[in-house]
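Working notes, beginning with the structure itself.
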Amino acid sequence: MNDQNKSRSDELPTTEHAKARAFQFSIKKTLLLILIIAITASGWLYIRESTRQADRRQILDQPQENIEEADQTDDTHPLDPVLKIAYQSIKQMEENLVDYTAVLSRRERVGEQEMPPSSMEVKIRNPRNDQAFSIYVKFIKPENTKGREVIWVDGQNDNKIVAHEAGLLGLLKVVQPPDSFIAMVGNRYPVTETGLLRLMRKLTQYGLRDRKHGDCSVEIIENITVAEVNCTRLRIVHPEKQEPFTFHIAEIDMDMERMIPIRLATWDWPLAQQEPPLVEEYIYHKLRLNAGLKDLDFDPENPAYNYPD
């Protein structure tokens, strides 16, 4: 009898030990599976993002129209009235706009993903003989980017951005090319493409390019209120998707009194029986022109900024 009890007591720890080992093995398998899934997902996201950025860079690197030497607004194409306004705007900003501040709101689709709406405070100095093109950006929403700051000054820091993230990641200052992989994640354009003058120059280049490749419909709508500013809306529609057109619909809302763009929005061609999907929308709120910005406004050492040491 005693031998039987002893045998059973010897078996019990062995059984419990086996169960414990089986449980540990199960945990290890689960963790390994999670790790494999995470690595696979990260690799897939990296490949997808790399492909998207390469495609976007190819568009940005397309041959540019020479807007200074172009002479193609002879009232024979629907785009000519829009191009005339664009030329006026560029000339006005080049001659009279030294710098400005604003709150820029944006909505973007990056690849197939619609990004959360974002807003940022911007300070910009236009390129002039006595100053370099300079950009300061501070994100104010969404919450996960609130506090991120980015500075870029043409020709400084090897032409790289100086940035820091929000939250705990803000303890590190990052210096990297504006079109680097990390800088471009979640963004359609590098920060160097920000600004009213860059916007009008880019739109003019697209207009001159598209003018060579067929007709489009153009509508000019007066008295559109955007960001509490009375604007004239320039609406351009390419009915058929074909090279080299990059949008189905574009709307540029112009403050005709100051000859500056307040809003740009573009839509892609729709799938069957669907509405055209919004690709991008940028609105400049609270524009303060010729604000008297100084070098300190584009210096990470500015005590008003939150750059780490």
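Computed over the alpha carbons of the stretch 225-277, Rg followed by Dmax gives 13.3, 40 Å.
Selection among Phe298, Tyr284, Val226 by position relative to the dipole of the stretch 212-309 gives Val226 as farthest towards the positive end (Cβ unit charges, Cα centre). Pairs over the 32 Å Cα-Cα cut-off, from the set Lys138/Lys241; Lys212/Lys286; Lys141/Lys202; Lys146/Lys202; Lys173/Lys241; Lys84/Lys141: Lys138/Lys241; Lys212/Lys286; Lys173/Lys241; Lys84/Lys141.
Please work out how much length the chain gains when fully extended from Ile220 to Asp74, using 0.36 nm per residue of separation minus the C-alpha to C-alpha distance, in nm with one decimal.
On the way: separation 146, 0.36 × 146 = 52.56 nm, distance 1.78 nm.
Extending this stretch completely gives an extra 50.8 nm.
In plain terms, the C-alpha convex hull of the stretch 236-309 casts an average shadow of 8.9 nm² when viewed from every direction. Taking 0.36 nm per residue of separation and subtracting the current Cα-Cα distance, fully stretching the chain between Ala272 and Asn96 would add 58.7 nm.
Loop-resident GluC sites (Glu not before Pro) (DSSP state other than H, G, I, E or B) in the stretch 190-230 with no more than 13 further Cβ atoms inside 10 Å of their Cβ: Glu228. Summarising the label geometry, the points placed 7 Å from Cα in the beta-carbon direction at Asn129 and Glu228 lie 3.7 nm from one another. Among the trypsin sites (Lys or Arg not before Pro) in the stretch 166-252, those placed in a DSSP loop whose Cβ has at most 14 other Cβ atoms within 10 Å are Lys173, Lys212, Lys241.
Values in this text are rule-based calculations from the coordinates and carry no lab data. Everything quoted here is computed from the prediction, not taken from an experiment. Don't worry about glycine lacking a Cβ; one is built from the backbone with ideal geometry, like all the others, and counts go over all protein chains shown.
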